[in-house]
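**Q** The structure that follows is given in the form of structure tokens.
The values are calculated or read from the model by the stated rules, or taken from the named source; none is laboratory data. Quick caveat, the model's predicted, so the values are computed rather than measured. Here the Cβ positions follow ideal geometry from the backbone for every residue, glycine too, while neighbour counts run over all protein chains shown. All accessible areas refer to the heavy atoms of the entire protein, side chains included, with ligands and DNA or RNA removed. Shrake-Rupley method; radii C 1.70, N 1.55, O 1.52, S 1.80 Å.
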Amino acid sequence: MLTRGEATMKPVMAMMVAAPLLLASGPGTTTDLHHFWEQTCGDCHRHAGEFARKALTVKDGKLQGSHHKDNLLVFLEHHYLPQDLVQPMYDMLLAQAETAPEFKQRCGRCHETAADLARESLELRDGVLTGRDSGRPVAAFLPRHAKLRLTAEETDFFVRLLTRVEREVHSGG
């Protein structure tokens, strides 16, 4: 349980962490949503995907928290997020709440997180998710990657997931 002083300092500390991230994302640049979550929200809510799947639900296409059922978007507007990140963060959490933890289960042995993989190795080239170094489309590479032997449906799932995550880390959503 936090003391009154610690509870008062938590929002101050969150903004101290967030301020450098926001300054780095001025006009013409973007915010890595996953990095922002890790630095600003992660102390209380851990990994965003795990948090979204355990603490949030989706009803009629809308994200709900256990305490904020009516409008989680309004809550996010007042919970340590800059206004320009409220909708992208909501969209990221919604997508994660709707997505099974397949990446962690199937890929986690070699790749810590999808965000790390996207940050380090993937990019969109003319709208196609591509390996940064190889230049190969991920959809062509993935079916035989690491003996996964993915079906066409599984390949499509991972390409869509990684494309979303690539956008979240490189273009802020």
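**Q** Taking only protein heavy atoms and a 1.4 Å probe, what accessible area per residue, in Å², does the range 30-98 have with all protein chains in place?
**A** 56 Å²
**Q** Another question, then. Each residue of the range 116-122 in order: what ³J(HN,Hα) in whole Hz does its phi give by Karplus 6.51 cos²θ - 1.76 cosθ + 1.60, θ = phi - 60°, with x for Gly and Pro?
**A** Calculated HN-Hα couplings, in order: 4, 4, 4, 4, 8, 10, 10 Hz.
**Q** Starting from the Cα-Cα distance between Leu124 and Arg46, subtract it from 0.36 nm times their residue separation and give me the gain in nm to one decimal.
**A** 25.3 nm
**Q** Pop out the carbon and sulfur fraction of the accessible area of the range 30-98 as a percent, whole number, probe 1.4 Å.
**A** 49 percent
**Q** With θ taken as phi - 60° and the coefficients 6.51, -1.76 and 1.60, list the Karplus ³J(HN,Hα) couplings across the range 90-96 in order, rounded to whole Hz; mark glycine and proline as x.
**A** Couplings: 4, 4, 5, 5, 4, 4, 5 Hz.
**Q** Assuming 0.36 nm per residue, please report the length gained on full extension of the stretch Asp60 to Glu112 beyond their Cα-Cα distance.
**A** Roughly 15.6 nm would be gained on extension.
**Q** With r as the distance between the Cβ atoms of Phe141 and Gln105 and R0 = 22 Å, compute the FRET efficiency 1/(1 + (r/R0)^6) and round to 0.05.
**A** 0.65
**Q** In whole Å and largest first, what semi-axes does the C-alpha gyration tensor of the range 118-160 yield when each eigenvalue is scaled by 5 and square-rooted?
**A** 18, 11, 8
**Q** Let me ask something else about it. How many nm separate the modelled label positions at Ser171 and Asp70, each set 7 Å beyond the Cα in the direction of the Cβ?
**A** Modelled inter-label distance: 3.6 nm.
**Q** Okay, moving on. Evaluate the Kirkwood expression for the hydrodynamic radius of the range 30-98, namely the inverse of the mean inverse distance over all pairs of different C-alpha atoms, and round to one decimal in Å.
**A** 12.0 Å
**Q** Can you list, largest first and rounded to whole Å, the semi-axes you get for the range 100-172 by taking the square root of 5 times each eigenvalue of its Cα gyration tensor?
**A** They are 17, 14, 11 Å, listed from largest to smallest.
**Q** With the other protein chains left in place, how much accessible area per residue, in square angstrom, belongs to the range 100-172 at a 1.4 angstrom probe?
**A** Ligands and nucleic acids excluded, the figure is 61 Å² per residue.
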